[in-house]
Amino acid sequence: MNVLLADDHAMFRQSLRSLLEREGLDVVAEAGDGREAVRLAGRLRPRVAVLDFSMPQLNGIEAARAIRKRVPETATILLTMFEEDGYVLGALAAGMRGYVLKAQAAADLVTAIREVANGAVYLSPGISRTLADYHLQQDRANADPLTDRERQVLQLVAEGKTMREVSGLLNVSVKTVESHRTRLMRKLDLHNTAGLVRYAIRSGLIRA
């Protein structure tokens, strides 16, 4: 079973790699940010991708969305310190199969990888399994008015990137980025960058 690890803290990644390899799992690659994780997943097509939530450029949930589109057979697990319902629901809505708390990673991660590889959903103890049922009953389209690209633009703008920087990261024109920004502000009834930042924090796209 091959695994991709994505976390922006190299020492933490290395400790996880040692843990997984001791358990007989094959760590095929490591990524330090969300975009690198998506690129490596597309090239290597791992069975499981373990994604930290708080990564630069593209957080773990948005990276999971992109991986699901590009490599639907790759199961994704979110690795995070956050236990709030909103984060769990966001991960499940993105199609993630596992949710592991960093504080319990040593005990839970190997089990989570094996379970999601077999088609199950794994949530760390303490995360209510009723959240999975809640997700299955929701129409995500009604819950989130933004498209995947609009969420990507929102995160980058909220991280302080300029329109030109966003354009380069997304490989689209500045005019296209400005169009996405205008549309998402209209959808959210927001009128300035500060409002976008607050919305991104409330939505779990970035941390305060």
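The values are calculated or read from the model by the stated rules, or taken from the named source; none is laboratory data. Computed from a prediction, not measured in an experiment: that's the story for all the values here. Counting neighbours? That spans all protein chains shown, and the Cβs are built from the backbone with ideal geometry, glycine included.
Here are some notes:
- Looking across 153, 172, one residue alone is over 24 Å from residue 92 (Cα atoms), surrounded by 13 or more Cβ atoms within 10 Å (Cβ to Cβ) and not polar (S, T, N, Q). It is 172.
- Tallying residues that are part of a helix (DSSP H, G or I) and at pLDDT 95 or above within the range 71-92 yields 0.
- Condition met for residue 61 (among the β-branched types (Val, Ile, Thr) and touching a Gly at 6+ places or on another chain (Cβ under 7 Å)): yes
- Note on the range 93-110: residues that are assigned to a helix (DSSP H, G or I) and either buried (at least 24 other Cβ atoms within 10 Å of the Cβ) or under 10 Å from the mean Cα position of the chain (by Cα) (or both) amount to 1.
This table checks each residue for (1) in contact with a strand residue (DSSP E or B) (Cβ under 9 Å, 6 or more places away or on another chain); (2) under 23 Å from residue 89 (Cα atoms); (3) surrounded by fewer than 19 Cβ atoms within 10 Å (Cβ to Cβ).
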{"position": "21", "(1), (2), (3)": "yes, no, yes"}
{"position": "31", "(1), (2), (3)": "yes, no, no"}
{"position": "43", "(1), (2), (3)": "yes, no, yes"}
{"position": "48", "(1), (2), (3)": "yes, yes, no"}
{"position": "59", "(1), (2), (3)": "yes, yes, no"}
{"position": "67", "(1), (2), (3)": "yes, yes, no"}
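- Selection of the range 6-52 for residues being touching a residue at least 12 places away in the same chain (Cβ under 8 Å) and either of a type in the set (Asp, Glu) or not assigned by TED's automatic domain parsing to the domain that holds residue 72 (or both) yields 7, 8, 23, 26, 30, 33, 36, 52.
- If you check 154, 169 for being touching a Phe, Trp or Tyr at 6+ places or on another chain (Cβ under 8 Å) and at pLDDT 85 or above, only one passes: 154.
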